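Heads up, the thing below is written out as structure tokens.
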Amino acid sequence: MIVRKDFLLFILKKLGKVIFTVWVVTTLIFFLIRLMPSNPIQQYIQNLVVQYGVTYEEASSRASTLFSMDLEASLLSQYLTYMQDAIRLDFGTSFLSPGVEVTSIIAARLPWTLFTVGSGLLLSFIVGTVLGAVAAYRRESWYEPIISGTSSFLSAIPDFLIAIFLILFFGVFTWGGRGSIVPIFQLRGNFSPGVTPGWNMPFISSVLDHAFLPILTYFFSQIGIWVILMKGSTAGCLNADYATIARARGLKPRKILGSYIGRNAMLPIVTEFAMRLGFIIGGSLIIEQLFVYQGVGLELLKATNNRDYPLMQAIFLVMTVAIVLSNLLAEILYGVLDPRIRAKGGRKGAK
Amino acid sequence: MECWIRESVRKEVEKVQNRTQTQATLHNLTKRSRLSRNLKKIRRALMQDLVGTMGLVILLLIILMSTLGPIWFPLDEVSDPEKILMAPSAEHFLGTDHLGRDIWAQIVSGGRELLVLAFLTASIAVLIGIFLGAFSALIGGKLDETLVFLADVWLTIPRFPLLVVLSGFFRLSAVALAIVLAILSWAGLFRTIRAEVLSLKTRDFVEVAFMLDMPMVHIIFKEILPNMMGFIAANFTLLMRAAIYAQVGLVFLGLLPLDQNWGVMINVAWNQGVIYNPDSIWFLLAPTIVICLLILSLVWISRSLEEIFNPGLQK
């Protein structure tokens, strides 16, 4: 019973931090929009006054409706209404496409990003942990330097440069005079223009064709980290008591690696995986620009280039919330998997 | 009392260490002979140093190219419409760009600004990190707790999207970007330096300095910092890497006005549709490769620095 109370306290503390972080980010955005000299509202009013000869009052009332902020009210009450809207997930309508709710734009774009980045992350996680465990277990083998070298090489190179190399390799260079491996029209967009979205074969295959290179990019840009982490974690478990005993019992190496060492080595990696889940949404900006992939990242870029502030702030908030929540998930997972952490966190909270 | 506890803890730790060591040797003896193990170790050490040396050589070559190169290979000031997007030739051995200018000359002059700004960013960030990290660890108490909490919160804000959003509000100049980048990356460095200082704080020479009532500035700059130089240098190169990533990324997205660097070249080459023109592929490929080399050299240097100063990590 005591343990459970500790655990509850632990989670409550973490939840408090989540709420605090989200509050900091929303407040930051409010100050950027409202308080900075030459903030977007001021610029909008200036623009109306100078270019269209509208009076200042008229312009500022227009700005009020557009930004859904009562500019006459005091700063504090403006801030309060802004926070109320944010809590109700009401981020207003997009400037660029008037009348369209910001949330509906995000809802339309989010699945694409989740699909590509998520599958890239999952694939690289599976392949990377297996390779890392093997590299640590067979440290004397000839292929260990190849695995370690390649993964440290891949983890150093920025993801968008990997994307450029992949585009050149698959989509541009002609191999043996037969044309490129991936036809160049598949390098852009989410699916081919001819197909109708829905659960039909041509659409699904077109989506997969178009997602191939982005997923491959995410795969290559993350696999190095998994190999390095898993290798380090496995190396730490190699000489643990249970591994020595398993060896003494004469178990097969594959069994030792899989059931004894691998399982324990996975603990820290799983929490790292939960943490990285959050970067699924935010980590795709440049890649989506390169592949003209219509996801959240590209939408944020479009919004930034066109100064579409409601959209910008909502997407940025979504990205932050994703990371904050996945951090929470990682911390809870860690507490569940490793009772020592939970006990420590609980006692600290109780103090 | 405290002394006694420390003593007993040390004994306990030693016991555990001895046990794991005997286990390790037993394990190794059964597997391989001593000789081949030692050979392995030497090869490993050489390899690691090789990587670090390679990184250093590449970095020096890039710096040399960017400082002295422009004297021999000046940028083409005027465009030449007759030589647009040419394949590599004897005259232009990386070909020409969409305005008929030599690409090699652009590569040679494209690194200077990037390097200077990355250096500036890393310097400011390291200064902030040392200042906050060292004081937070030495003073402790409420200040320390608050800073650790704030760093925790700060680290969850996605940095690159934040930069993109910020560039929507301000027109960032190159120097302003360097400063903003440095300020944005305070939390990570603060954490690592704080941890390092905390571990140094319990070492004898620092405790003695505290007992002698030395001023805080003396303790930080004369006792602690000299013992962290390798650690700081390793982090410095990693910060430079992050700065280059952010700069090239923002420039590629067209959110940052910079006149001549490799990121701009990638941006222009991409927007000119170079990938549809196999002859002029070096316009895109050359800056990409140089950026990769620069970043790899920085990462390699930092890795071997860490291994030299932190032999405990070697496994």
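The values are calculated or read from the model by the stated rules, or taken from the named source; none is laboratory data. Everything quoted here is computed from the prediction, not taken from an experiment. Cβ placement follows ideal geometry from the backbone for every residue including glycine, while neighbour counts extend to all protein chains displayed.
Quickly run through the stretch A:299-321 and pick out the residues that are in a helix (DSSP H, G or I) and of a type in the set (Asp, Glu). Reasoning before the result, please.
Start the filter on the stretch A:299-321 by keeping residues that are in a helix (DSSP H, G or I), which leaves A:299-305, A:309-321.
Listed by number, the list holds a single entry, A:Glu299.
Look at A:Thr244 and say whether it is of a type in the set (Val, Ile, Thr) and at pLDDT below 75.
Numbers: of a type in the set (Val, Ile, Thr): yes; at pLDDT below 75: no.
For A:Thr244, the condition - of a type in the set (Val, Ile, Thr) and at pLDDT below 75 - is not met.
Suppose the filter is within 30 Å of A:Leu166 (Cβ to Cβ) and within 11 Å of chain B (Cβ to nearest Cβ); does A:Val270 pass it? So that I can check it myself, show each step before the final result.
Working: within 30 Å of A:Leu166 (Cβ to Cβ): yes; within 11 Å of chain B (Cβ to nearest Cβ): no.
Criteria not met by A:Val270.
Take the residues of the stretch B:117-172 that are buried (at least 16 other Cβ atoms within 10 Å of the Cβ) and not in a helix (DSSP H, G or I): which is modelled with the lowest pLDDT?
Among those that are buried (at least 16 other Cβ atoms within 10 Å of the Cβ) and not in a helix (DSSP H, G or I), it is B:Leu172.
Among A:Phe279, A:Phe291, which is of a type in the set (Phe, Trp, Tyr), more than 26 Å from A:Ser192 (Cα to Cα) and either more than 8 Å from chain B (Cβ to nearest Cβ) or surrounded by fewer than 23 Cβ atoms within 10 Å (Cβ to Cβ) (or both)? Give the steps one after another, and end with the answer.
Values: A:Phe291 fails: more than 26 Å from A:Ser192 (Cα to Cα).
One residue alone meets the criteria, A:Phe279.
For the stretch B:148-204, name all the residues that are among the polar types (S, T, N, Q) and touching a Lys or Arg at 6+ places or on another chain (Cβ under 8 Å). Show your work before the answer.
Here is the first cut: in the stretch B:148-204, the ones among the polar types (S, T, N, Q) are B:156, B:167, B:173, B:185, B:192, B:199, B:202.
Listed by number, the list holds a single entry, B:Ser185.
Could you look through the stretch A:305-329, keep only residues that are facing chain B (nearest Cβ under 7 Å) and within 16 Å of A:Gln289 (Cβ to Cβ), and pick out the one that is surrounded by the most Cβ atoms within 10 Å (Cβ to Cβ)?
First, pick out the residues of the stretch A:305-329 that are facing chain B (nearest Cβ under 7 Å): A:307, A:312, A:316, A:319-320, A:323-324, A:327.
With within 16 Å of A:Gln289 (Cβ to Cβ) added as a condition, the list becomes A:312, A:319.
Working: A:Met312: 30, A:Met319: 28.
Looking at the filtered set, the residue picked out is A:Met312.
Filter the stretch A:294-304 for residues that are within 8 Å of chain B (Cβ to nearest Cβ) and modelled with pLDDT under 85 and give the result.
Residues satisfying the conditions are A:Ala303, A:Thr304.
Looking at the stretch A:142-161, which of the residues that are of a type in the set (A, V, I, L, M) and more than 9 Å from chain B (Cβ to nearest Cβ) is surrounded by the fewest Cβ atoms within 10 Å (Cβ to Cβ)?
Restricting attention to the stretch A:142-161, the residues satisfying the condition of being of a type in the set (A, V, I, L, M) are A:146-147, A:154, A:156-157, A:161.
From what's left, more than 9 Å from chain B (Cβ to nearest Cβ): A:146-147, A:154.
On the way: A:Ile146: 11, A:Ile147: 19, A:Leu154: 21.
This residue is A:Ile146.
Report yes if A:Pro253 is more than 10 Å from chain B (Cβ to nearest Cβ), in contact with a strand residue (DSSP E or B) (Cβ under 8 Å, 6 or more places away or on another chain) and modelled with pLDDT under 80, otherwise no. I'd like the intermediate steps shown before the answer.
Values: more than 10 Å from chain B (Cβ to nearest Cβ): yes; in contact with a strand residue (DSSP E or B) (Cβ under 8 Å, 6 or more places away or on another chain): no; modelled with pLDDT under 80: yes.
Against the criterion (more than 10 Å from chain B (Cβ to nearest Cβ), in contact with a strand residue (DSSP E or B) (Cβ under 8 Å, 6 or more places away or on another chain) and modelled with pLDDT under 80), A:Pro253 does not qualify.
Looking only at the stretch B:251-307, count every residue that is small (Gly, Ala, Ser), part of a helix (DSSP H, G or I) and farther than 28 Å from B:Ala234 by Cβ and tell me the total.
So the first thing to find is which residues in the stretch B:251-307 are small (Gly, Ala, Ser), and the list is B:254, B:263, B:269, B:273, B:280, B:286, B:297, B:302, B:304.
Narrowing further to those that are part of a helix (DSSP H, G or I): B:263, B:269, B:280, B:286, B:297, B:302, B:304.
Still in the list and also farther than 28 Å from B:Ala234 by Cβ: B:269, B:280, B:286.
The number of residues fulfilling the criteria is 3.
Could you tell me whether A:Leu251 is part of a helix (DSSP H, G or I), among the aliphatic types (A, V, I, L, M) and more than 30 Å from A:Val195 (Cα to Cα)?
Numbers: part of a helix (DSSP H, G or I): no; among the aliphatic types (A, V, I, L, M): yes; more than 30 Å from A:Val195 (Cα to Cα): yes.
For A:Leu251, the condition - part of a helix (DSSP H, G or I), among the aliphatic types (A, V, I, L, M) and more than 30 Å from A:Val195 (Cα to Cα) - is not met.
Being within 19 Å of B:Phe119 (Cα to Cα), within 14 Å of chain A (Cβ to nearest Cβ) and at pLDDT 85 or above, is that true of even one residue in the stretch B:174-181?
yes
Identify the residue in the stretch B:241-269 that is within 8 Å of another protein chain (Cβ to nearest Cβ) and of a type in the set (Phe, Trp, Tyr) and, among all such residues, is surrounded by the most Cβ atoms within 10 Å (Cβ to Cβ).
B:Phe252
Which is more than 15 Å from the chain's Cα centre (by Cα), within 12 Å of chain B (Cβ to nearest Cβ) and more than 29 Å from A:Asp209 (Cα to Cα), of A:Ala265, A:Ala243? Spell out the reasoning first.
Values: A:Ala265 fails: within 12 Å of chain B (Cβ to nearest Cβ).
Only one candidate passes the filter, namely A:Ala243.
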